[in-house]
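These notes are about the structure you will find just below.
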Amino acid sequence: MSSRKVGLGRLKRVFGLLEHVQSMELAATGASLKEVSRAVAGLTADRLKLRDATGMALIRGEEDEQAVTRVLQQSSEVMLGRLEQLRDQREELRAESQDRYQASRLRLQQMEIAVEWVTAEAEAQAVVSIRNEEVSRYMSRREWLKHRDERQKMLDE
């Protein structure tokens, strides 16, 4: 039973390492997603500023500034579209990473339960073994005392 316990203990450590690696991957994908989300938020704010600048240039009648801000708006729209695609991809990666982490966490918990069960079983068997030894010693002593008493009776007669 102890070799089984040792083997399960080793498997538990392997599953623990796997769970740790999966949690690190989940953290990395989460950080990557946050980075892109911040870029999208920043670019969205910049687009609003460019829109306001285009409006102000229109009001002031500055056609060159208006043309420049429109070009900047168009390029920011293209960049925003690409960033949103990247964010969607990273959201998918994070979801996959989350699934892998949850699966590894579940496997680790199952392994912990198996190790606990084997440990409890080994402890129960040890208790039974000790009790059997105690009963065996008691029975041997009782048998020895019985024979001694019989022998003593025979000697006394």
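The values are calculated or read from the model by the stated rules, or taken from the named source; none is laboratory data. Remember, predicted model here, so these are calculated numbers, not experimental data. Reconstructed Cβ throughout: ideal geometry from the backbone, glycine too, with neighbour counts over all protein chains shown. We work out accessible area using only protein heavy atoms, side chains counted, and drop any ligands, DNA or RNA first. Shrake-Rupley method; radii C 1.70, N 1.55, O 1.52, S 1.80 Å.
Condition first: under 16 Å from M79 (Cα atoms) and free of Cβ contacts under 8 Å to residues at least 12 places away in the same chain. Now tell me which residues in region 34-50 satisfy that.
E35, R38, A41, G42, A45, L48, K49
So, T69, is that one hydroxyl-bearing (S, T, Y), in a helix (DSSP H, G or I), open to solvent by 30 Å² or more (accessible area, probe 1.4 Å) and touching a helix residue (DSSP H, G or I) at 6+ places or on another chain (Cβ under 8 Å) or not?
Criteria not met by T69.
Consider A53 carefully, then state whether it is within 30 Å of R4 (Cβ to Cβ), open to solvent by less than 60 Å² (accessible area, probe 1.4 Å) and either without any contact (Cβ under 8 Å) to a residue 24 or more places away in the chain or small (G, A, S) (or both).
Considered against the rule, which asks whether it is within 30 Å of R4 (Cβ to Cβ), open to solvent by less than 60 Å² (accessible area, probe 1.4 Å) and either without any contact (Cβ under 8 Å) to a residue 24 or more places away in the chain or small (G, A, S) (or both), A53 comes out as no.
Tally time: how many residues in region 95-105 are closer than 26 Å to S3 by Cβ and open to solvent by 90 Å² or more (accessible area, probe 1.4 Å)?
0
Do any residues in region 115-127 that are surrounded by 11 or more Cβ atoms within 10 Å (Cβ to Cβ) have Cβ atoms under 7 Å from those of residues that are in a helix (DSSP H, G or I) and not polar (S, T, N, Q), where the two are at least six apart or on different chains, and which pairs are they?
Listed by first residue and then by second, the contacts come to V115/L8; V115/G9; V115/K12; V118/R4; V118/K5; V118/L8; T119/K5; A122/K5.
Can you tell me which of (1) surrounded by 11 or more Cβ atoms within 10 Å (Cβ to Cβ); (2) among the charged types (D, E, K, R); (3) under 30 Å from R4 (Cβ atoms) is the one E134 doesn't meet?
(1)
Take Q22 and tell me if it is in contact (Cβ under 8 Å) with a residue 12 or more places away in the chain, surrounded by 15 or more Cβ atoms within 10 Å (Cβ to Cβ) and either among the aliphatic types (A, V, I, L, M) or over 19 Å from E112 (Cβ atoms) (or both).
Spelling it out, it is not the case that Q22 is in contact (Cβ under 8 Å) with a residue 12 or more places away in the chain, surrounded by 15 or more Cβ atoms within 10 Å (Cβ to Cβ) and either among the aliphatic types (A, V, I, L, M) or over 19 Å from E112 (Cβ atoms) (or both).
So R4 passes all but one of these: (1) more than 30 Å from S97 (Cα to Cα); (2) touching a Leu at 6+ places or on another chain (Cβ under 8 Å). Which condition number does it fail?
In the conditions (1) more than 30 Å from S97 (Cα to Cα); (2) touching a Leu at 6+ places or on another chain (Cβ under 8 Å), R4 misses (2) alone.
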